[in-house]
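All remarks here apply to the structure that follows.
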Amino acid sequence: MRKLPLLPPDNNIVEELMAERKKYQLEYQINSSPEFLYTYISTPSGLCEWFADDVKVDGDNYTFQWEGSEEKARLLSKRASKFAKFQWIDKPESEYFLFEIEKDELTGDVALIITDFEEADEIKGATMIYNVSIDRLREIIGG
């Protein structure tokens with residue numbers, strides 16, 4: 001059997017594979033003040049209450065653990081009572097996940113908006129996981 005030489009990856013193929021990942025947003029009404037909700041999206045103790053089983057932090061590097069698996073992310077930026085933006089270490093630099101708090105000035109309603117990236121055929125499953133996580137968050141904070 002003849003062995004074929006290994007060729008460098010075709011950049012077009014790599015770009016097509018990366019292009020299959022889509023940005024999506026989910027919005028959830030949360031009965032909480034932005035200040036209180038912020039502790040749940042920006043601190044290890046808050047995140048392990050609803051988003052992951054455990055969260056470890058070393059500077060801006062976060063390790064999220066779920067049922068024996070772990071993912072590493074870097075905190076890109078945060079602003080008190082507004083947002084926390086992370087990037088998974090093993091994903092393209094153009095991708096991130098963002099927990100953003102918005103308060104409607106007229107009604108006072110508070111929303112948590114989650115922005116993330118996923119393969120098109122995985123968005124529905126990821127949304128279901130976020131829905132369960134948000135239900136847990138609402139139970140914890142009473143909202």
Worksheet item: So, in nm, how far is label residue 113 from label residue 27 when the simple model puts each one 7 Å beyond its Cα toward the Cβ?
Response: 0.7 nm
Discussion item. Give me the percent relative contact order of the chain, please, defined on Cα pairs under 8 angstrom at least 6 residues apart.
Written reply: 27 percent
Item to complete: With a bin width of 10 angstrom, please list the P(r) values of the chain as percents of all Cα-Cα pairs, from the 0 bin to the one holding the largest distance.
Response: 10, 37, 32, 12, 6, 2, 1, 0
Worksheet, complete the sentence: Note to self, the chain gives a 222 nm [θ] from helices alone (DSSP H runs n ≥ 4, -39500 (n - 2.57) apiece, / all residues, nearest 500) of -9500 deg cm²/dmol
Worksheet item: Which GluC sites (Glu not before Pro) does region 93-143 hold that lie in a coil by DSSP with at most 11 other beta carbons within 10 Å?
Response: 93, 105
Discussion item. Under a Cβ-only charge scheme (Lys and Arg +1, Asp and Glu -1), can you give me the dipole magnitude of region 50-143 about the Cα centre, in debye to the nearest 20?
Written reply: 420 debye
Practice prompt. Using Cα positions and a limit of under 15 Å, work out the aspartates and glutamates in reach of residue 22, with same-chain residues fewer than 8 apart set aside.
Written response: 93, 95, 116, 118, 119, 121, 122
Practice prompt. Just the number, please: carbon plus sulfur as a percent of the accessible area of the chain, 1.4 Å probe, no ligands or DNA/RNA counted.
Written response: 51 percent
Discussion item. Can you work out the Karplus-derived ³J(HN,Hα) for every residue in region 117-124? Use 6.51 cos²θ - 1.76 cosθ + 1.60 with θ = phi - 60°, whole Hz, and x for glycine or proline.
Written reply: 10, 7, 5, 3, 7, 9, 4, 4
Worksheet item: Which part of region 45-59 falls in the paramagnetic zone of residue 39, meaning amide N under 20 Å from the point 7 Å along Cα-to-beta-carbon?
Response: 45-57
Practice prompt. Report the label-to-label distance for residue 106 and residue 77 in nanometres (one decimal), using points 7 Å from each Cα along the Cα→Cβ vector.
Written response: 2.9 nm
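The values are calculated or read from the model by the stated rules, or taken from the named source; none is laboratory data. Not measured: the values here are computed from a predicted model. FYI the Cβ positions are ideal-geometry reconstructions off the backbone, even for glycines, and counts take in every protein chain you see. Accessible surface areas use protein heavy atoms only, side chains included; no ligands, DNA or RNA. Shrake-Rupley method; radii C 1.70, N 1.55, O 1.52, S 1.80 Å.
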